[in-house]
Amino acid sequence: MKTRKLGVNGPEVGCIGYGAMSFSDMYGPTNEAESHAILNTCREHGITHIDSANIYGMGKSENAIGTYLKANPLARQDFLIATKATITRNLDGNRCFDNSPEHLEAELDKSLQRLGVECVDLFYAHRRDPRFTPEETAENLGLLVKKGKTRAIGLSEVSPSTLRRAFKAYPIAAVQSEYSLSTRAPDLGLVQTCAELGVALVAFSPVGRSLLTDNPIPRERIPGLPFLANNPRFIEPNLTENLRISSGFCALAAQMNTSAAALAIAWLLTRGDHVIPIPGTRSTDHLQQCVAGADLVLSASDLAQIEAVLPVGWAHGDRYSSEQWNGPERYC
């Protein structure tokens, strides 16, 4: 697999990574054996960047990675592991964010224990805590580099202006953001700012939470998936419209002799050499479809056809509900 740099001075990683939220039960039940099969597939295909977080299944995702590394000690040298912290609960049980150095270090220590490693390769502030300036958050994360607990730091779901301010205080290796043919907001400044600063843009949900695949999550399953059940794009009448429009993309992929997932990944890879999609899936077959996107070479004509079937703004409904928007920064 082709490689890309994880930050201007960072290591080379596969141009496609893996989003290990799927090792939790976010999109349906899974187990350790299925997660280990995914990690085997990653190794077979050169996927080296594995992305997790402390809240994915409340440690379930990190535990699955940790047991895999314990059973396969040589895998640690194959994988660059990222995790995140910040999202927590206050004394009233309400969701909140904590970018304090004490919280970040305590949560990273727990992650290191679950992962069974002494140091991760990348540690993100999962959300911006408004009590801290971007500069302070970057400095708090940087302390963990100095202590040898992470090799690099990142930010998630932040605006270009927050990135610029944080970067001046401490080098930011990566910014994580939802980015796909159905979520184009990063094109309005974040893609460009990351390129200018030499920051990797790690694109999560690159196949639109299944809308950009040949087999979208069946509508009868959606009520049983709390996140999607409350997500505007998966609520009627938006869902029917989104499936209708994305079916044209699936047809285009078939004409190009590839899968919709592969074509969606290939499109993202054209957005800049610093963009690294991290699809997440419980299926090794689906992961291999995503991997195939790394080998697709899209011409100007191909890109024009994609834009014709999925023009900017095609998706019906916001990418988050009002509750889900608690934390991510809007900048356009």
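Brief remarks on what is shown
- Cα extents of the range 206-330 along the three principal axes, largest first (Å): 39, 31, 30
- In this structure the amide hydrogen of residue 124, modeled in the peptide plane, comes within under 5 Å of the amide hydrogens of 83, 84, 85, 154, none closer than 5 places in sequence on its chain.
- GNM on the chain, alpha-carbon springs under 10 angstrom: the most fluctuating residue among 117, 207, 158 is 117.
- Translational diffusion of the range 18-108, µm² s⁻¹ [Kirkwood Rh, Cα pairs; Stokes-Einstein; 25 °C; 0.890 mPa s]: 175
- Spatially, the range 211-255 and the range 121-183 are offset by 31 Å when compared through their Cα centroids.
- Residues whose amide H comes within less than 5 Å of that of residue 150, counting only those at least five positions distant or on another chain, are 120, 145 (H built at 1.01 Å from N in the peptide plane).
- Here the ratio of the Cα radius of gyration of the range 99-167 to 2.2 N^0.38 Å is 1.06.
- Listed values for the range 176-188 are Karplus-derived 3J(HN,Hα) couplings in whole Hz (6.51 cos²θ - 1.76 cosθ + 1.60, θ = phi - 60°), namely 9, 8, 5, 7, 6, 5, 9, 9, 9, 3, x, 5, 8, and x replaces Gly and Pro.
- Shape call, the range 135-269: gyration tensor on alpha carbons, a/c limit 1.5: prolate
- Principal-axis tilt of helix 32-45 within the chain, Cα atoms, nearest 10 degrees: 80
- When the range 23-69 is reduced to its Cα atoms, the Kirkwood hydrodynamic radius in Å: 10.8
- Summing Cβ point charges (Lys, Arg +1; Asp, Glu -1) relative to the Cα centre of the range 31-173 gives a dipole of roughly 220 debye.
- Peptide ranges 148-154, 234-240 listed from the most packed, as the mean C-beta count within 10 angstrom indicates: 148-154, 234-240
- Most positive-pole-ward Cα, 74, 56, 86, against dipole of the range 56-102 from beta carbon charges: 74
- Computed from phi, the 3J(HN,Hα) profile of the range 211-224 under the Karplus parametrisation 6.51, -1.76, 1.60 (θ = phi - 60°) reads 5, 9, 10, 6, 9, x, 4, x, 4, 6, 7, 4, x, x Hz, with x in place of Gly and Pro.
- Taking other residues whose beta carbon is less than 15 angstrom from the beta carbon of residue 112, and scoring Lys, Arg as +1 and Asp, Glu as -1, yields +2.
- Taken about its Cα centre, the chain carries a charge dipole of about 280 debye when Lys and Arg each add +1 at the Cβ and Asp and Glu each add -1 at the Cβ.
- Derived scalar couplings between HN and Hα for the range 271-276 equal 7, x, 5, 9, 8, 10 Hz in order, rounded to whole Hz, by the Karplus curve 6.51 cos²θ - 1.76 cosθ + 1.60 (θ = phi - 60°), x for Gly and Pro.
- By the count of other C-beta atoms within 10 Å, a proxy for reagent exposure, 256, 58 are ordered fewest to most as 58, 256.
Every number in this text was worked out from the coordinates using simple rules, so none of it is lab data. Values in this document were obtained by computation on a predicted structure and should not be read as measured data. Every residue, glycine as well, gets a Cβ built from its backbone with ideal geometry; the counts of neighbours run over all protein chains shown.
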